[in-house]
Each structure stands twice: as structure tokens, then as C-alpha cells.
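Notes follow once the structure below has been shown.
The values are calculated or read from the model by the stated rules, or taken from the named source; none is laboratory data. Quick caveat, the model's predicted, so the values are computed rather than measured. Here the Cβ positions follow ideal geometry from the backbone for every residue, glycine too, while neighbour counts run over all protein chains shown. Surface accessibility is based on the protein's heavy atoms, side chains included, excluding ligands, DNA and RNA. Shrake-Rupley method; radii C 1.70, N 1.55, O 1.52, S 1.80 Å.
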Amino acid sequence: MLNLTVAGAVDGVRFDGVDLFLSLPHTDIDSSDDDLARLAEKISSKGLRAGSLVAPVWGATGGRLRDGDEAERGRS
């Protein structure tokens, strides 16, 4: 995906970064510091920057609903 991002352009404007989604198969929310350092190096080696960091909020992606019922909010 990073290579496609580097190669892509819209109306002549190239992409300069990527957004990270903390859910498999994208980026494991339980990644270690070393895992994230490797990911940061891979992104920067392509001349890209990390933009937003998106945490999962839907149950299907492993997230927890902040506004769910008491049992949902209590899940860890």
C-alpha cells in the first residue's frame, strides 16, 4: 500500500502521507514500541509522513463503544 501511495497522484498532486488504522489487518492495536518504530521507519523511508491515527470504535474491529451501555464501557 505504501508503494501505491507513493506512486499515486490526483490532478498532478502527489500524496505525502498515510493515515494509520489501529485494527488488523492494518496495524495491530497491541503493537509493541519496536513494531511501531519499524512501521515509522518504513513510512519515512518512502518519503511519507504519518497523518492521523484512527482507533477502532466498532465492535467488529475490536473496539469498544465509548457511549455503549455499562457493560460495553467496562470491557478492557
Can you list the residues, at least 5 places off or on another chain, whose amide H is less than 5 Å from the amide H of V54, using H built in the peptide plane?
L20, F21, L22
Rounded to the nearest 10 Å², the accessible area of L53 at probe 1.4 Å:
110 Å²
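Using the Kirkwood radius built from alpha carbon pairs, what does the Stokes-Einstein equation give as D for the stretch 1-62 at 25 °C and 0.890 mPa s, in µm² per second? Present the calculation step by step, with values, prior to reporting the outcome.
On the way: Rh = 12.7 Å.
Translational diffusion coefficient: 193 µm²/s.
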Using the Cβ atoms and a cut-off under 14 Å, what net charge is assigned to the surroundings of L39, where Lys and Arg are +1 and Asp and Glu are -1?
-3
Spelling out what I want: for every residue of the stretch 26-34, take phi, set θ = phi - 60°, compute 6.51 cos²θ - 1.76 cosθ + 1.60 (Karplus), and round to whole Hz; glycine and proline get x.
7, 10, 5, 5, 9, 4, 7, 4, 5
From the backbone phi of the stretch 48-55, what are the Karplus-calculated ³J(HN,Hα) couplings (6.51 cos²θ - 1.76 cosθ + 1.60, θ = phi - 60°) in whole Hz, Gly and Pro given as x?
10, 10, 7, x, 7, 10, 9, 8
